[in-house]
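S.K.: Pasting in a structure now, in structure tokens, and then I'll have a few things to ask.
Since every read-out is calculated from the coordinates, none of them should be taken as a lab result. Bear in mind that the values here come from a model prediction, so they are computed numbers and not experimental data. All Cβ positions, glycine included, derive from the backbone under ideal geometry; neighbour counts span all protein chains shown.
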Amino acid sequence: MTGLRSLALLLPLLLGWASGHPAPGRRSFHKLLLISFDGFRWDYDQDVDTPNMDRLVKEGVKAKYLSPPFVTMTSPSHFTTISGRWVEEHGVIHNMLYNSDKGWKYDFKATQNKTEWWDNGVLPLWITAQRQGRKTASFHYPGGGAKYDGEPVQRSLVESYSHPDSNETEWRENIDIVMDWFKKEDFDFVTLYYGEPDNVGHRFGPETENRRVMIQQIDRTIGYLREAIERHGLTEHLNVIITSDHGMTTIKMKPEVTEILLTNYVKYRDLVKFDLVDYGGLGMIEAKPGQEENLYQALKNAHPSLHVYKKEEFPKHFHYANHKRALPILMYTDPGYNINGRLILHINKGDHGFDNSVMDMKTIFRAFGPDFKKDYLAEPFDSIHIYPLMCKLLGVTPEPHNGSLAVTEGMLRDSSGQNPGSATASKTMHNVVIGLGTVTAVLFVLFIAAVTYTAIQRKKT
Ligand SMILES: [Zn+2]
């Protein structure tokens, strides 16, 4: 009976091995780093040497391009990425915080700590992930400094007013800090933001040598990131998504075009109570009481490249105007036309904020890490779909959102099976089948051995 006794001893070990259960305490998901390079147009890597980004295409996922939401502006678009909601649903409809009754405006940086601007009942992923036991942090990412439903992001660094956008040494230091957060402090999800190449695109224009030089700096930074991940032993543990919030187009000026200057068409003193213009291709305006129709009629056919709507008639496909913060009259322009109010300042040579279907407003999506396929070129998609992908990677149950995992999950390696959901279920099933097959085979061999052994023993007796 030696053979049968061996079997009895081996069986629990064999079954335990075959069940595919992870050892106690093993993580069921990998860490995630989301990096945004502000204003990185989809084709910026095509007229300049970018060896590190090219390597990423081989070693990870690239989308042909990414469509940002309307309005193609920094805060609204970043908050769509982190929440998976259209702009009119999350309510961060502009870079500026404003009050049309009191007449004040706060600029982009001044809004960063202002919870009342960001918290409109939609939870960003930091908070949702925290509430499900993940450790999250934001490094300069728009909206990361606010509280949501009373809760701050566990760790948050907010850009100061004097923060330089383009200091390459500081960029690398920031990567090292984030690597330490992952490695030494076991953070699970970090968002990291850089203000370039947006700044250089505004200042010099997108089709300039200054912009190409900046893209090379970003490419070196991505190379440094790869080294830093390796150096910190995070290669097999960290997924990385590199994306952006919008593109950039060259601003059209005199004498090439007739520029849009609202004061040429409306008497500000008589008709306008409050305006949000001089901010690229989107404008909002509120009339003085009783002057609503006069203001609308004065603007409606003012300029062939200026499209003016009453709030309730603004094109629905933009998913933009159906929010209480949107002012009664909204305007957007053809690409390259700025909406100027009382005078033309010509501060920017490049700008964004235009129709999100325009190619110059499209942006980038790259990803790599243990859960992403290699050498995978994805079709273009809307940035609302990044949110469910991030939830999947972190093993977090998403809040209600406008995205769909079906759009993005083709990028994932289906053999990794580390996350909850259908991929895991099929992986577990696969393990069980292989395991049971192996157990059967081993049992059969042991059975034959036992029978043979017994037969030999019998012969001897
Ligand atoms: Zn931006």
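S.K.: So what's segment 160-303 giving for Rg/Rh, alpha carbon basis, Kirkwood Rh from the mean inverse pair distance?
M.R.: In segment 160-303, Rg relative to Rh is 1.17.
S.K.: List the trypsin sites (Lys or Arg not before Pro) within segment 162-208 that fall in a DSSP loop (any state other than H, G, I, E or B) and whose Cβ has at most 10 other Cβ atoms within 10 Å.
M.R.: Those that pass, being in a loop and sparsely packed, are 184.
S.K.: Taking the number of other C-beta atoms within 10 Å as the exposure measure, put 50, 136, 363 in order starting with the fewest.
M.R.: Fewest-to-most ranking of 50, 136, 363: 50, 136, 363.
S.K.: For the peptides 71-79, 161-169, 365-373, 228-236, what is the packing order when you average, over each peptide's residues, the other Cβ atoms within 10 Å and list the highest mean first?
M.R.: 71-79, 365-373, 228-236, 161-169
S.K.: Which three lengths, in whole Å and largest first, does segment 260-347 cover when its Cα atoms are put on their principal axes?
M.R.: Answer, in whole Å and largest first: 32, 30, 21 Å.
S.K.: Could you please report the charge total around residue 373, scoring K, R as +1 and D, E as -1 over all other residues with beta-carbon less than 13 angstrom from its beta-carbon?
M.R.: Here the charged neighbours net out to 0.
S.K.: While we're on this one: Give me the net charge for the shell around residue 401: Cβ to Cβ below 15 angstrom, other residues only, Lys and Arg +1, Asp and Glu -1.
M.R.: Cβ neighbours under 15 Å give a net charge of -3.
S.K.: Let me ask something else about it. For segment 324-393, what are the per-bin percents of Cα-Cα distances with bins 10 Å wide, up to the bin holding the maximum?
M.R.: The percentages, shortest bin first, are 13, 32, 27, 19, 9, 1.
S.K.: May I pose another question? Anything over 24 Å Cα to Cα? Flag those among 324/362; 300/362; 273/324; 135/392, in the order listed.
M.R.: Violating the 24 Å limit, Cα to Cα: 324/362; 300/362.
S.K.: Now a separate question. Can you pull the three principal axis extents for the Cα set of segment 155-244, in Å, largest first?
M.R.: Principal extents (Cα only, largest first): 40, 26, 21 Å.
S.K.: Let's test the formula: R0 of 22 Å, r as the Cβ-Cβ distance of residue 209 and residue 257. What FRET efficiency results, to the nearest 0.05?
M.R.: Given R0 = 22 Å and the Cβ-Cβ separation, E is 0.35.
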